[in-house]
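Participant: I'd like to ask some things about the structure below.
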Amino acid sequence: MYKYYSSIILVLLFSACAEKKFIVSQTNKSFLNQEFKTETPTGSMDSVALLKNKPLYSFYKLNGFCSVWNTAEKRKTAAEAIANAEKEGLNPEDYQLSKILANEKRIDSLSEKEITDYDLLLTTSLEKYISDLSFGKLNPKKLYDDWDLKIAKSDSHKNISDALQKDSLSTIIEKAKPNHPVYKRLENALVLINQFPEDTLKNIEFLRNLKPNDTSKTFISIKKRLAYWNDLKNPQAFTNLYDAETQNAVKKFQLRHGLEPDGIIGKGTLAQLNVSKDIRKKQIIANMERWRWFPKEMGEHYIIVNIPEYKLRTVFKSDTTRTHNVIVGTAARKTPILSSKLSYAVFNPTWTVPPTILKEDIIPSMMKNRNYLKGKNITIYNQQGKEVNPWSWNPANAKKYRYVQSPGTYNSLGMVKIIFPNNFSVYLHDTNHKEYFEKTDRSLSSGCVRVQDPLELTEYLLDDKKNWNVEKITETLKTEKTKNATFKSDIFIHQLYWTAWSDKGLLYFTPDIYDLDASLYAKLRQ
């Protein structure tokens, strides 16, 4: 895929060689005008050296092995694009901006070899930037075992090449970026965070939960934090009293940070208040990188699950049609990141105990109490499919048995599950613990996603008023017999992870439940 984008950018450069005009934005124009003033003579490329890079060789062969960045306007356009990498959370120095500008300062004294080297530098730097912008600087499959995302591919190399010859460089860069609204909100979030002044506030020590009308020596520091983030508007309120105005500010802050907006300042709220501007900016940049990994096209009709937000949304023709609260995997048993397509729904599902729960829960419990499974309506089957009496169960062969929970209201999957192909054996499902949805922190499952009001969601997705309306579904559930229902249209599902965005000029964050943000940012800047 990297070679593919190499060939794309080379087609672009060839059109530049043919004196095609690129559109130049106003960004960084002042410093670029100071640097790019001189036309350069055309240098000759070493065709033998270029053989090591076939896309470069093919391009420069078409151009007679001559340099192509031989006007100030072309070089300025390339350098400006690289300088703007900061707006996408990328580091311009990864694309050697300083080296490019250093070459420009001595452009008049460059030797022929230095001119050709500089030409190659501009070509390869721009090529790498567009590739990173489109697919990400890092490869998630090398970072995580529980991420299963496919890199988007073009349908036709020739068609894209033809289209690029008609576009400006700025248009091509815009096309390379993720086109999902959340990415655009992250771009805006980066602009917003940069507008905040330097953060010099100190961490606030947690002493106890604070409620309205309480007094505490920490309130002045808390109010300064709230004022810094523009949640508290009145600086006159800097007193030791937890007044009504501060309570409203706390609730607003809590809403923006994925917390229960109860106005109580506990450990969770204080922990979020203590997060600095610098850390928030890094968090935004890490999320921008993730969105470069996510699917470029999600389908006309899809489900998108934001794992740390505990939210599931259905989207049809770019409009959000439903929103459901969800329960996701714990930090020890994470919900995987993946994209797939819905296959079918199962009413009155049985539940086959997965390997992790078998190893960590079932086997230890059975070793202590052979009647453990009886109370959970779980039956043991051997490899021949015959039922095994718990007292005949052999711990040495525990992993060779199949453990199946019968359908019913007590079933761990509840009344319905929604199946889609994936490498992790996860699915959407109901739960027999409805009370869990009342919790703010809903990182509670073993990896699957539990959905609030799953029957309503399933009816909507099936979209079959004749065979699967509310009455038909109710009748099926009463039988307590397992029955499948196939989705008649293509509906995709994307289980993703993002912890930052912006909306209507405000910054929003969720707790980073799997502690992914800081480590990802560190790897981005290595």
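The values are calculated or read from the model by the stated rules, or taken from the named source; none is laboratory data. Note that this is a predicted model, so its numbers are computed, not measured. Every residue, glycine as well, gets a Cβ built from its backbone with ideal geometry; the counts of neighbours run over all protein chains shown. Heads up: the accessible areas ignore ligands, DNA and RNA and are worked out on the full protein's heavy atoms, side chains in. Shrake-Rupley method; radii C 1.70, N 1.55, O 1.52, S 1.80 Å.
Participant: Take ILE380 and tell me if it is on the phi < 0 side of the Ramachandran plot and buried (at least 20 other Cβ atoms within 10 Å of the Cβ).
Facilitator: yes
Participant: Hey, does the stretch 279-293 have a residue that's over 16 Å from the mean Cα position of the chain (by Cα), among the aromatic types (Phe, Trp, Tyr) and modelled with pLDDT of 95 or more?
Facilitator: no
Participant: If I ask for residues that are farther than 25 Å from LYS296 by Cβ, of a type in the set (D, E, K, R) and over 17 Å from the mean Cα position of the chain (by Cα), which ones from the stretch 470-524 would you list?
Facilitator: GLU471, LYS472, GLU475, LYS478, GLU480, LYS481, LYS483, LYS488, LYS504, listed by residue number.
Participant: Give the residues of the stretch 263-274 that are crowded, with 16+ Cβ neighbours inside 10 Å, of a type in the set (A, V, I, L, M, F, W, C) and closer than 24 Å to LEU516 by Cβ, sorted by residue number.
Facilitator: LEU270, LEU273
Results for (1) touching a strand residue (DSSP E or B) at 6+ places or on another chain (Cβ under 6 Å); (2) hydroxyl-bearing (Ser, Thr, Tyr), shown as yes or no for each residue.
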{"residue": "LEU428", "(1), (2)": "yes, no"}
{"residue": "HIS433", "(1), (2)": "no, no"}
{"residue": "GLU438", "(1), (2)": "no, no"}
{"residue": "SER446", "(1), (2)": "no, yes"}
{"residue": "GLN452", "(1), (2)": "yes, no"}
{"residue": "GLU456", "(1), (2)": "no, no"}
{"residue": "LEU461", "(1), (2)": "no, no"}
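Participant: Sticking with this one: Can you name every residue in the stretch 364-387 that is within 40 Å of the chain's Cα centre (by Cα), more than 17 Å from LYS399 (Cβ to Cβ) and not in a helix (DSSP H, G or I)?
Facilitator: Selection gives ASN377 alone.
Participant: Another question, then. For the stretch 88-102, what are the residues that are without any contact (Cβ under 8 Å) to a residue 24 or more places away in the chain and open to solvent by 70 Å² or more (accessible area, probe 1.4 Å)?
Facilitator: Passing the criteria: GLU93, LYS99.
Participant: Using beta carbons and a limit of 9 Å, which pairs, at least six apart or on different chains, have the first residue in the stretch 338-364 and within 18 Å of SER412 (Cβ to Cβ) and open to solvent by less than 60 Å² (accessible area, probe 1.4 Å) and the second one assigned to a strand (DSSP E or B) and small (Gly, Ala, Ser)?
Facilitator: Pairs that qualify, where the first residue is within 18 Å of SER412 (Cβ to Cβ) and open to solvent by less than 60 Å² (accessible area, probe 1.4 Å) and the partner is assigned to a strand (DSSP E or B) and small (Gly, Ala, Ser), are ALA345/ALA485; VAL346/ALA485; PHE347/ALA485.
Participant: Which of the residues that make up the stretch 386-408 are open to solvent by less than 70 Å² (accessible area, probe 1.4 Å) and touching a residue at least 12 places away in the same chain (Cβ under 8 Å)?
Facilitator: Start the filter on the stretch 386-408 by keeping residues that are open to solvent by less than 70 Å² (accessible area, probe 1.4 Å), which leaves 388, 390, 393-395, 397-398, 401, 403-408.
Answer for the stretch 386-408, where residues must be open to solvent by less than 70 Å² (accessible area, probe 1.4 Å) and touching a residue at least 12 places away in the same chain (Cβ under 8 Å): VAL388, PRO390, TRP393, PRO395, ALA398, TYR401, TYR403, VAL404, GLN405, SER406, PRO407, GLY408.
Participant: Let me spell it out: the conditions are (1) open to solvent by 60 Å² or more (accessible area, probe 1.4 Å); (2) assigned to a loop (DSSP other than H, G, I, E, B); (3) without any contact (Cβ under 8 Å) to a residue 24 or more places away in the chain, and TRP468 meets all of them except one. Which number is the exception?
Facilitator: If we test TRP468 against (1) open to solvent by 60 Å² or more (accessible area, probe 1.4 Å); (2) assigned to a loop (DSSP other than H, G, I, E, B); (3) without any contact (Cβ under 8 Å) to a residue 24 or more places away in the chain, just (1) comes out false.
Participant: So which residues in the stretch 486-526 are free of Cβ contacts under 8 Å to residues at least 60 places away in the same chain and in a loop (DSSP other than H, G, I, E, B), if there are any at all? Steps first, please.
Facilitator: Initially, the stretch 486-526 is screened for residues free of Cβ contacts under 8 Å to residues at least 60 places away in the same chain, giving 488, 504, 519, 522, 526.
Of everything in the stretch 486-526, those that are free of Cβ contacts under 8 Å to residues at least 60 places away in the same chain and in a loop (DSSP other than H, G, I, E, B) turn out to be LYS488, LYS504, GLN526.
Participant: Mind telling me which of the residues ASN371, ASN411 ends up being over 25 Å from ASP146 (Cα atoms), open to solvent by 70 Å² or more (accessible area, probe 1.4 Å) and either modelled with pLDDT of 95 or more or in contact with a Pro (Cβ under 8 Å, 6 or more places away or on another chain) (or both)?
Facilitator: Exactly one of ASN371, ASN411 is over 25 Å from ASP146 (Cα atoms), open to solvent by 70 Å² or more (accessible area, probe 1.4 Å) and either modelled with pLDDT of 95 or more or in contact with a Pro (Cβ under 8 Å, 6 or more places away or on another chain) (or both), namely ASN371.
Participant: Also, I was wondering about something else. I'm checking my understanding of the structure. Among residues of the stretch 148-164 that are closer than 18 Å to TRP293 by Cα and modelled with pLDDT under 75, which one is surrounded by the fewest Cβ atoms within 10 Å (Cβ to Cβ)? Working first, answer last.
Facilitator: Kept after step one, since they are closer than 18 Å to TRP293 by Cα, are these residues of the stretch 148-164: 148-154.
Keeping just the survivors that are modelled with pLDDT under 75 gives 151-154.
Working: ILE151: 14, ALA152: 12, LYS153: 9, SER154: 13.
Looking at residues that are closer than 18 Å to TRP293 by Cα and modelled with pLDDT under 75, I get LYS153.
Participant: Return the residue satisfying two criteria in turn: it lies in the stretch 103-113 and is open to solvent by 50 Å² or more (accessible area, probe 1.4 Å) and either touching a residue at least 60 places away in the same chain (Cβ under 8 Å) or among the aliphatic types (A, V, I, L, M) (or both), and of such residues it is nearest to GLU80 (Cα to Cα).
Facilitator: Result: LYS105.
Participant: Please enumerate the residues belonging to the stretch 432-458 that are part of a loop (DSSP other than H, G, I, E, B), open to solvent by 60 Å² or more (accessible area, probe 1.4 Å) and free of Cβ contacts under 8 Å to residues at least 24 places away in the same chain.
Facilitator: Within the stretch 432-458, HIS433, LYS439 qualify.
Participant: Return yes or no: is TRP468 over 20 Å from ARG256 (Cβ atoms), in contact with a strand residue (DSSP E or B) (Cβ under 6 Å, 6 or more places away or on another chain) and not polar (S, T, N, Q)?
Facilitator: Criteria met by TRP468.
Participant: Sticking with this structure for a sec: Restricting attention to the stretch 120-137, does a residue exist that is outside any helix (DSSP H, G or I) and either modelled with pLDDT of 90 or more or open to solvent by less than 50 Å² (accessible area, probe 1.4 Å) (or both)?
Facilitator: yes
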